[in-house]
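Step one of this worksheet: look at the structure below.
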Amino acid sequence: MNTLFLRALSGEVIERTPLWIMRQAGRYLPEYRAVREKVDFLTLCQTPDLAAEVTLQPLRRFNLDAAILFSDIMTPLLSAGVQLEFNPGPVVQAPLRSINDVEKLRVLEPDEIAPFVNSTIKILRRELKVPLIGFAGAPLTLAAYLVQGKGSKDFSVLRSFLYQEPQAAHLLFDKLAVLTARYLQAQIDAGAQAVQLFDSWAGILSEEMYRKFALPAVQKIFANLAVPRIYFAQDAAHLWPAIKSIDVEGYGIDWRTSLNEARNIFGNQKTLQGNLDPAILKANKHVIRHHADNILQTMQKTSHIFNLGHGIEPDAPVEHVSYLVECVHEISKQIRQG
Ligand code: CP3
């Protein structure tokens with residue numbers, strides 16, 4: 001069992017920097033596209049054998065130090081009664097706009113939320129030689145899709161909802177916090193060895209609104225989970241003073257922000273994860289090596305997990321991903337073992 005990833009999350013500076021890649025199972029892999037030619041995305045998430053198979057695909061190609069469950073942040077919402085499509089991002093059939101809409105949202109018991117995910121995790125734990133990361137979407141990011149209805153640059157429908165319907169918004173965040181805490185606990189019970197909470201759209205809020213709605217819900221979710229926890233907020237440097245109060249082992253740092261500045265805010269005891277710009281994978285190998293080296297040098301004396309600063313893009317060349325993984329292994333061994 002390769003435990004580098006879990007050891008890094010305990011705050012250790014270990015002999016080689018562990019790495020995994022956000023969205024490591026996905027459309028940039030031809031073998032993933034081959035599976036997707038046969039089944040739609042939701043069927044794939046809900047079929048444990050297939051979901052386990054695509055989770056393993058990137059690990060067969062690259063020397064990665066963690067696996068992440070194949071699913072989507074939106075799948076637990078199916079059990080709450082939300083009608084959902086993917087095109088390619090989530091599209092909610094009836095967006096929530098009033099307290100009435102929010103009241104109809106069901107919050108089920110842990111084992112009823114997404115039972116297919118628990119089966120996928122059990123299959124994976126039998127196969128894997130690296131730790132398995134479970135995950136969920138943070139309430140703000142789920143609310144972004146639930147209220148706006150689909151992806152958006154700035155989610156202005158959600159933001160006006162938060163201002164105009166604070167009572168409905170608080171009820172929504174409370175329900176999503178309970179649902180998400182139960183969902184992650186079920187993943188841990190099934191065998192997930194760490195969890196990551198994705199707050200991809202955290203950056204759309206001011207610090208004041210983030211503190212009012214998003215932060216308390218995130219704190220509730222993390223309060224009672226007994227495995228290492230990572231919180232990834234995107235485009236969120238202005239929120240770091242607030243995010244610092246979240247009790248987790250690791251913080252995911254997005255590509256727009258500086259690892260040095262994050263280190264200054266979060267302190268030396270926390271593990272930082274990130275933050276290569278996903279677009280660098282489409283540049284040439286010289287550029288890839290240079291930037292990987294930069295990140296590893298910056299973080300050489302503190303606890304770090306190498307990752308991209310957001311999900312890998314569908315047009316990232318597989319050969320460049322493979323090269324990045326080799327570079328990180330080679331350079332981090334050089335730096336940390338002298
Ligand atoms: O390998 C992994 O990281 C695990 C699988 C995973 C997916 N989505 C699979 C997926 C994870 C961890 C997610 C999280 C997710 N989903 C987030 C948070 C992370 C982030 O990227 O910000 C968000 C915001 C979503 C919502 C979502 N689902 C979007 C915006 C999209 C479209 C993405 C795109 O690149 O066009 C999806 C669909 C989705 N989720 C795909 C995959 C592999 C593509 C679906 C397909 O096969 O057609």
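Each reported figure results from applying straightforward, stated rules to the coordinates on display, with no laboratory input. Computed from a predicted model, the values in this text were never measured in an experiment. Neighbour counts run over all protein chains shown; Cβ positions are idealised from the backbone, glycine included.
Given the C-alpha centroids of the range 124-147 and the range 207-279, what is the distance between them in whole angstrom?
16 Å
Give, rounded to the nearest 20 debye, the magnitude of the charge dipole that the range 115-193 has about its Cα centre when Lys and Arg contribute +1 at Cβ and Asp and Glu contribute -1 at Cβ.
Taking the Cα centre of the range 115-193 as origin, the dipole is about 300 debye.
Compute the projected area of the convex hull of the Cα atoms of the range 230-310, averaged over all viewing directions, and report it in nm² to one decimal place.
Convex hull of Cα atoms, orientation-averaged projection: 4.8 nm².
Once the range 43-94 is represented by equal point scatterers at the alpha-carbon sites, with solvent omitted, what log10 I(q)/I(0) does the Debye formula produce at q = 0.21 Å⁻¹?
Debye curve over Cα of the range 43-94, log10 I(q)/I(0) at q = 0.21 Å⁻¹: -0.82.
In debye, nearest 20: dipole of the chain around its Cα centre with unit charges on the Cβ of K, R (+) and D, E (-)?
Values: 35 positive and 35 negative charges, 86 e Å.
Taking the Cα centre of the chain as origin, the dipole is about 420 debye.
Starting from the Cα of Val107, step 7 Å toward the Cβ, then list every residue of the range 151-180 with an amide N under 16 Å from that point.
The answer is 167-180, whose backbone nitrogens lie closer than 16 Å to the label point.
Using Cβ counts within 10 Å as a stand-in for footprinting exposure, how do Tyr163, Tyr251 rank, fewest first?
Tyr163, Tyr251
Roughly how big is the range 159-216's charge dipole about its Cα centre, with Cβ charges of +1 (Lys, Arg) and -1 (Asp, Glu), in debye to the nearest 20?
60 debye
Could you give the length gained by full extension between Thr298 and Glu261, i.e. 0.36 nm per residue of separation minus their alpha carbon distance, to one decimal place?
12.2 nm
Hey, which of these cross-link pairs are over 21 Å Cα-Cα: Lys244/Lys270; Lys270/Lys301; Lys122/Lys175; Lys175/Lys212; Lys38/Lys282; Lys301/Lys333?
Among Lys244/Lys270; Lys270/Lys301; Lys122/Lys175; Lys175/Lys212; Lys38/Lys282; Lys301/Lys333, the Cα-Cα distance tops 21 Å for Lys122/Lys175; Lys38/Lys282.
Can you compute the helix-only [θ] at 222 nm over the chain? Use -39500 (n - 2.57) per DSSP H run of at least 4 residues, normalise by all residues, nearest 500 deg cm²/dmol.
-13500 deg cm²/dmol
What per residue convex hull volume, in Å³, do the alpha-carbon atoms of the chain yield?
116 Å³
Of Ile335, Ile305, Ile265, Ile73, how do they rank once you tally other Cβ atoms within 10 Å and put the fewest first?
The order, fewest Cβ neighbours first, is Ile265, Ile335, Ile73, Ile305.
Show me the trypsin sites (Lys or Arg not before Pro) within the range 135-167 that DSSP assigns to loop and that have at most 14 other Cβ atoms within 10 Å of their Cβ.
Lys153
Positive end of the dipole of the chain, charges at C-beta (+1 Lys, Arg; -1 Asp, Glu), about the Cα centre: which of His170, Ala237, Leu96 has its Cα farthest in that direction?
The Cα lying farthest towards the positive end belongs to Ala237.
Quick one: helix 318-337 against the long Cα principal axis of the chain, what's the angle to the nearest 10°, folded into 0 to 90?
The angle comes out at about 60 degrees.
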